[in-house]
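Trainee: If you scroll down you'll find the structure; I have some questions about it.
The values are calculated or read from the model by the stated rules, or taken from the named source; none is laboratory data. What you see is a predicted model; the values in this text were computed from it and never measured. Glycine gets a Cβ as well: all are built from the backbone with ideal geometry, and neighbour counts include every protein chain shown. Accessible surface areas use protein heavy atoms only, side chains included; no ligands, DNA or RNA. Shrake-Rupley method; radii C 1.70, N 1.55, O 1.52, S 1.80 Å.
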Amino acid sequence: MQGQSGPVVLFLRLCLSHRKVVFVCTLAAAIFVMIQWTMIPIDVKHYEGARSERFGAVPGHRTEKPNIVFILADDYGWNDIGYHNSFIHTPNLDRLASEGVKLENYYVQPVCSPSREQLMTGRYQIHYGLQHGVIRNDRPHGLPLDEVTLPQRLKDNGYRTYMVGKWHLGFCKKEYTPLYRGFDKFYGFLTGSEDYWTHRRYNGARGLDLRDQDKPVLDENGTYSTHLFARKATEMISKHDQNQPMFLYLPFQAVHGPLQVPEKYLQEYMHINFTIDRIYAAQVTAMDEAVGNVTNALKNSGLWENTVLIFSTDNGARRHTGSNWPLRGWKNTLWEGGVRGVGFVNSNLLKRKGKTSDALIHISDWFPTLLRISDGSTTGTKPLDGFDVWDAISKGNTSPRKELLHNIDPFYDDQTGSYSPLSYDNIFNTSSYSALRSGDWKLLTGYQGAGWNMRRPYNNEFEESPDPPDKRLWLFNVREDPGERNDLSKMHPDIVQDLLEKLALYNKTAIPIFWPDPDPRMNPQLHGDVFGPWL
């Protein structure tokens, strides 16, 4: 042992006797190592992929701010998509959903404007006075101008913002229109519905409603709007400067009424007995094809790998068109058939793909969620009702949302004229048209009506509501009973009271409904036969 350690001892003695030399040599060696280290090639893409891990980025993919494409269908029913066992053919939507994350506990508003309002602001409509129905074409109102919109905030964050399709958030003044609410480019219409071919409204005030930026479009008479909007969206994609991230909002007119579709889409549905169902199914398939064309444009442009695509309906199917089966109710009701929406997300940035999510998500959640994944900020906005649900979607985490206010509308017209006051009315007026979900429980008050409607290729079934005409209170466990068939309000009065107290608290935060009288100055005949700002 002593012989083996001799050289070591000798080395230590030399170091002690020449300490200055050793120090200089050590310092030189350290500097040499540092210089060599800086010359080692670094996998920048791998580093940046790790840096953006919270967005679910795949190593090696581009990691700049993601492009965001939000596609909104109109009046699209829960049971009208292939993966919900529909007879309607939706191959593109089915494929996109199966490759991404299906949102099966996802909620929207029961009619058009409120869903769009909450998407744009992340706030419940009770907080800006639009809790009573849709924005009317002939009334001087719209999404309040002091509300910060999603495209405004994304634009502030370096995004180019595009919109193609239906606005329906007000146009009495130019400041209410898309180009003044955060969109760089707009091609579409301002009102709630129109002819798919002529792009004119024929009910009530009549006129043309199609714009490119702020100018009327006069040369597309005869072009089917689903095709037109898909074509304009693909043009914007192809011309987009890829040095900037893109936000594309594509709210189709489809499948809102009127029932119109090119003949070629009817061919695969000639076996359907009912004309309405045949045309509606063909409209859905035409929209599905349009979605496929838009996603192909994203892929061909090289944008797809860094894009988050979201598909959503704005509300359930109409009473006599489309199907929300097995859910109860339809558009313009607070039953699940009116507010539980078809939705999914497809993106390479998802950590988990090919999944189904049961996370509680609401359309108001997209505002903070999309700002989060785009490195944006909610600082400076009014208090949000939406939650950041990206981790729930991408990773399968528990949703931060535990509760959902569907609406409180004291102006709703109860046409039955029959109502027996309840003992609970000292907590919350149960004649008010309202609904709240908290956990698995859902409470509805006011006149609700509505039954169940199943539409099939060869026969349709309609079940009337079994409720007495004066019934104004329901409680359901919607996880166990999504069809809302078993009212549990008498069995759980403590839960009823708790949810009514929650409604009362929400109602204290509501501002008065703004519902102005019609303004005859809106008439398009006074403005060159074109719908547009009149104040």
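Trainee: Select, from TYR196, TYR124, TYR176, TYR162, the only residue that is under 26 Å from ALA233 (Cα atoms), among the hydroxyl-bearing types (Ser, Thr, Tyr) and buried (at least 24 other Cβ atoms within 10 Å of the Cβ). If you could, list the steps in order and put the result at the bottom.
Mentor: Working: TYR196 fails: buried (at least 24 other Cβ atoms within 10 Å of the Cβ); TYR124 fails: under 26 Å from ALA233 (Cα atoms); TYR176 fails: buried (at least 24 other Cβ atoms within 10 Å of the Cβ).
Among TYR196, TYR124, TYR176, TYR162, only TYR162 is under 26 Å from ALA233 (Cα atoms), among the hydroxyl-bearing types (Ser, Thr, Tyr) and buried (at least 24 other Cβ atoms within 10 Å of the Cβ).
Trainee: Working only within the range 443-469, note down all residues that are assigned to a loop (DSSP other than H, G, I, E, B), more than 14 Å from LYS331 (Cα to Cα) and either modelled with pLDDT of 85 or more or open to solvent by 70 Å² or more (accessible area, probe 1.4 Å) (or both).
Mentor: Of everything in the range 443-469, those that are assigned to a loop (DSSP other than H, G, I, E, B), more than 14 Å from LYS331 (Cα to Cα) and either modelled with pLDDT of 85 or more or open to solvent by 70 Å² or more (accessible area, probe 1.4 Å) (or both) turn out to be GLY446, TYR447, ARG456, TYR458, GLU464, SER465, PRO466, ASP467, PRO468, PRO469.
Trainee: Restrict the check to the range 136-144 and report whether at least one residue is crowded, with 20+ Cβ neighbours inside 10 Å and closer than 29 Å to THR369 by Cβ.
Mentor: yes
Trainee: Among (1) free of Cβ contacts under 8 Å to residues at least 60 places away in the same chain; (2) crowded, with 16+ Cβ neighbours inside 10 Å; (3) over 26 Å from the mean Cα position of the chain (by Cα), which single condition is PHE387 missing?
Mentor: (3)
Trainee: Still on this structure, I have one more. Based on what the data block shows, is VAL530 farther than 25 Å from ASP358 by Cβ, of a type in the set (Val, Ile, Thr) and buried (at least 17 other Cβ atoms within 10 Å of the Cβ)?
Mentor: In short, yes.
Trainee: Continuing with this model, one more query. Select from the range 131-145 the residues that are hydrophobic (A, V, I, L, M, F, W, C) and closer than 25 Å to SER377 by Cβ and write down the one among them that is nearest to the chain's Cα centre (by Cα).
Mentor: Step by step, filter the range 131-145, then rank; the result is LEU143.
Trainee: Kindly establish whether TYR180 is more than 11 Å from TYR249 (Cα to Cα) and without any contact (Cβ under 8 Å) to a residue 24 or more places away in the chain. Walk me through how you get there before you give the answer.
Mentor: Details: more than 11 Å from TYR249 (Cα to Cα): yes; without any contact (Cβ under 8 Å) to a residue 24 or more places away in the chain: yes.
When the stated conditions are applied, TYR180 passes them.
Trainee: Given the criterion touching a helix residue (DSSP H, G or I) at 6+ places or on another chain (Cβ under 7 Å), open to solvent by less than 10 Å² (accessible area, probe 1.4 Å) and not β-branched (Val, Ile, Thr), identify the matching residue among ASN332, ASN397, ASN324.
Mentor: Just a single option satisfies the conditions, and that option is ASN324.
Trainee: Ok, one more. I need a count of the residues in the range 55-107 that are among the aliphatic types (A, V, I, L, M) and either at pLDDT below 95 or open to solvent by 40 Å² or more (accessible area, probe 1.4 Å) (or both).
Mentor: As a first pass, look at the range 55-107 and keep what is among the aliphatic types (A, V, I, L, M): 57-58, 68-69, 71-73, 81, 88, 93, 96-97, 101, 103.
Checking which are either at pLDDT below 95 or open to solvent by 40 Å² or more (accessible area, probe 1.4 Å) (or both) leaves us with 57-58.
The total comes to 2.
Trainee: Any residue that is at negative phi, free of Cβ contacts under 8 Å to residues at least 40 places away in the same chain, in contact with a Ser or Thr (Cβ under 6 Å, 6 or more places away or on another chain) and not hydrophobic (A, V, I, L, M, F, W, C) - is there at least one of those in the range 186-208?
Mentor: no
Trainee: Okay, next question. Quick one: what pairs do we get from the range 339-360, first residue more than 19 Å from GLY77 (Cα to Cα), second of a type in the set (Asp, Glu), C-beta under 6 Å, 6+ apart or different chains?
Mentor: Going by the 6 Å Cβ cut-off, the qualifying pairs are ASN346/GLU99; ASN348/GLU305.
Trainee: Shifting gears a bit: Identify all residues within the range 135-194 that are of a type in the set (S, T, N, Q) and within 22 Å of ASP519 (Cβ to Cβ); write none if there are none.
Mentor: Scanning the range 135-194 gives ASN137, THR177, THR191, SER193.
Trainee: To continue, here is another question. Can you find even one residue in the range 310-319 that is surrounded by fewer than 24 Cβ atoms within 10 Å (Cβ to Cβ), modelled with pLDDT of 95 or more and more than 13 Å from ASP74 (Cβ to Cβ)?
Mentor: yes
Trainee: Could you list, in sequence order, all residues of the range 180-193 that are surrounded by fewer than 20 Cβ atoms within 10 Å (Cβ to Cβ) and in a strand (DSSP E or B)?
Mentor: Once the filter is applied, which keeps residues that are surrounded by fewer than 20 Cβ atoms within 10 Å (Cβ to Cβ) and in a strand (DSSP E or B), the range 180-193 yields only LYS185.
Trainee: Quick check on the range 359-371. Is at least one of its residues part of a helix (DSSP H, G or I), open to solvent by 10 Å² or more (accessible area, probe 1.4 Å) and modelled with pLDDT of 95 or more?
Mentor: Yes, there is a match, as at least one residue in the range 359-371 is part of a helix (DSSP H, G or I), open to solvent by 10 Å² or more (accessible area, probe 1.4 Å) and modelled with pLDDT of 95 or more.
Trainee: Out of everything in the range 470-490 that is open to solvent by 60 Å² or more (accessible area, probe 1.4 Å) and free of Cβ contacts under 8 Å to residues at least 12 places away in the same chain, what residue ends up being nearest to ASN324 (Cα to Cα)?
Mentor: Out of the qualifying residues, it is ASN486.
Trainee: On to the next question. Kindly indicate the residue of the range 489-535 that is farther than 16 Å from ARG139 by Cβ and among the small types (Gly, Ala, Ser) and also nearest to the chain's Cα centre (by Cα) among those meeting that condition.
Mentor: If we take residues in the range 489-535 being farther than 16 Å from ARG139 by Cβ and among the small types (Gly, Ala, Ser), then ALA510 is nearest to the chain's Cα centre (by Cα).
Trainee: On the basis of being under 18 Å from the mean Cα position of the chain (by Cα) and under 17 Å from VAL478 (Cβ atoms), does GLY329 make the cut?
Mentor: Criteria not met by GLY329.
Trainee: Mind checking whether some residue in the range 145-155 is surrounded by fewer than 20 Cβ atoms within 10 Å (Cβ to Cβ) and either at pLDDT below 95 or farther than 21 Å from PRO251 by Cβ (or both)?
Mentor: Within the range 145-155, one or more residues are surrounded by fewer than 20 Cβ atoms within 10 Å (Cβ to Cβ) and either at pLDDT below 95 or farther than 21 Å from PRO251 by Cβ (or both).
Trainee: In the range 272-292, is there at least one residue being assigned to a loop (DSSP other than H, G, I, E, B), open to solvent by 20 Å² or more (accessible area, probe 1.4 Å) and under 23 Å from PRO524 (Cα atoms)?
Mentor: Taking the range 272-292 and keeping what is assigned to a loop (DSSP other than H, G, I, E, B), we get 272-274.
After this cut, where a residue has to be open to solvent by 20 Å² or more (accessible area, probe 1.4 Å) as well, the list is 273-274.
Within this subset, residues satisfying the condition of being under 23 Å from PRO524 (Cα atoms) are none.
No, the conditions are met nowhere in the range 272-292.
Trainee: Moving on. Would you please name the residue that is nearest to VAL342 (Cα to Cα), looking only at residues in the range 252-295 that are more than 27 Å from the chain's Cα centre (by Cα) and acidic (Asp, Glu)?
Mentor: GLU268
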